[in-house]
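Visitor: Quick one: the structure is below, questions incoming.
The values are calculated or read from the model by the stated rules, or taken from the named source; none is laboratory data. All values reported here derive from a predicted model rather than from experimental measurement. Ideal geometry is used to build each Cβ from the backbone, glycine not excepted, and the neighbour counts take in all protein chains shown. Surface accessibility is based on the protein's heavy atoms, side chains included, excluding ligands, DNA and RNA. Shrake-Rupley method; radii C 1.70, N 1.55, O 1.52, S 1.80 Å.
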Amino acid sequence: MLPERVAVGKVVGAHGVRGTLRVAVLTDFPERFRSMEELSLFGRGDRALGSFPVTRVRPVPGKNQMLIDCEGIDTRDDAEALTGAQIKVPRSDCPVLPEGTYWIDDLLGLEVVEAETGRVLGRLDDVMQTGAADVYVVTGGDGRLLLPAVGEVVRSVDLRQRRMEVSLPEGLPGR
């Protein structure tokens, strides 16, 4: 079952002294932030932290980040307390993605299996956005495995079965 909400941003810190949130953009549609009327923030375990009316949004030049001011987040301490919170929107507000493209929230928790052998490598626990290609963080019995999110590695994704098949690159530990 797919989550009802999708993460589009993550609070990475405060900017200035007036409660401005510095937000890492987790969507290919960053323009959506300009039309947001409120931010719905969620902490660990998808715990709702609150919704805050947006008063100002501006991009950070040269970075995949936004600076966002909200009513009720008035000091640097308020903003810093929200570091790590995710900004989520209802799935119904999301555009339809092209074939072979997925929302990060849909990938989290997938069972990751080696395509050639069927060996279970673990669960996809995180997606690191590096700029060039995302990196999938898989945690399992052999520890933590970092896999580039490229076609040569990711062979198939089945959201209904909650399963991803991968081919491990040469030289990767565990291969």
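Listed here are the residues, each with its yes/no results for (1) at pLDDT 90 or above; (2) in contact with a Phe, Trp or Tyr (Cβ under 8 Å, 6 or more places away or on another chain).
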position	(1), (2)
G9	yes, yes
A14	yes, no
L39	yes, yes
R44	no, no
G50	yes, no
N64	no, no
I68	yes, yes
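Visitor: Being over 20 Å from A48 (Cα atoms) and surrounded by 13 or more Cβ atoms within 10 Å (Cβ to Cβ), is that true of even one residue in the range 82-101? Give the derivation first.
Guide: Residues of the range 82-101 over 20 Å from A48 (Cα atoms): 95-101.
Filter once more, keeping what is surrounded by 13 or more Cβ atoms within 10 Å (Cβ to Cβ): none.
Checked the range 82-101: no residue is over 20 Å from A48 (Cα atoms) and surrounded by 13 or more Cβ atoms within 10 Å (Cβ to Cβ).
Visitor: So, in the range 71-83, how many residues would count as being over 15 Å from V17 (Cβ atoms) and more than 21 Å from the chain's Cα centre (by Cα)?
Guide: 2
Visitor: Right, something else. Would you mention how many residues in the range 1-58 are open to solvent by 80 Å² or more (accessible area, probe 1.4 Å) and farther than 12 Å from K88 by Cβ? It would help to see each step written out before you state the result.
Guide: Pass one, the range 1-58, residues open to solvent by 80 Å² or more (accessible area, probe 1.4 Å): 1, 4, 10, 15, 17-18, 28, 31, 34-35, 37-38, 44-47, 55-56.
Within this subset, residues satisfying the condition of being farther than 12 Å from K88 by Cβ are 1, 15, 17-18, 28, 31, 34-35, 37, 44-45, 55-56.
So the answer is 13.
Visitor: Given the conditions (1) farther than 21 Å from D134 by Cβ; (2) open to solvent by 30 Å² or more (accessible area, probe 1.4 Å); (3) in contact with a Gly (Cβ under 8 Å, 6 or more places away or on another chain); (4) not aliphatic (A, V, I, L, M), and given that E116 satisfies all but one, which numbered condition is not satisfied?
Guide: Here E116 meets the rest and fails (3).
Visitor: Within the range 127-162, which residues are out of contact with any helix residue (DSSP H, G or I) (no Cβ under 8 Å at 6 or more places or on another chain), at pLDDT 90 or above, within 25 Å of K63 (Cα to Cα) and part of a strand (DSSP E or B)?
Guide: Hits for the range 127-162 are V135, V137, L146, L147, P148.
Visitor: Further question on the same structure: Restricting to the range 136-175, name every residue that is free of Cβ contacts under 8 Å to residues at least 40 places away in the same chain and closer than 14 Å to Y102 by Cα.
Guide: Step one: list which residues in the range 136-175 are free of Cβ contacts under 8 Å to residues at least 40 places away in the same chain, which gives 136-154, 158, 160-161, 169-173, 175.
Residues satisfying the conditions are Y136, A149, V150, G151, V154, D158, R160.
Visitor: Looking only at the range 133-162, how many residues end up being open to solvent by less than 50 Å² (accessible area, probe 1.4 Å), closer than 15 Å to L121 by Cα and small (G, A, S)?
Guide: Total meeting the criteria: 3.
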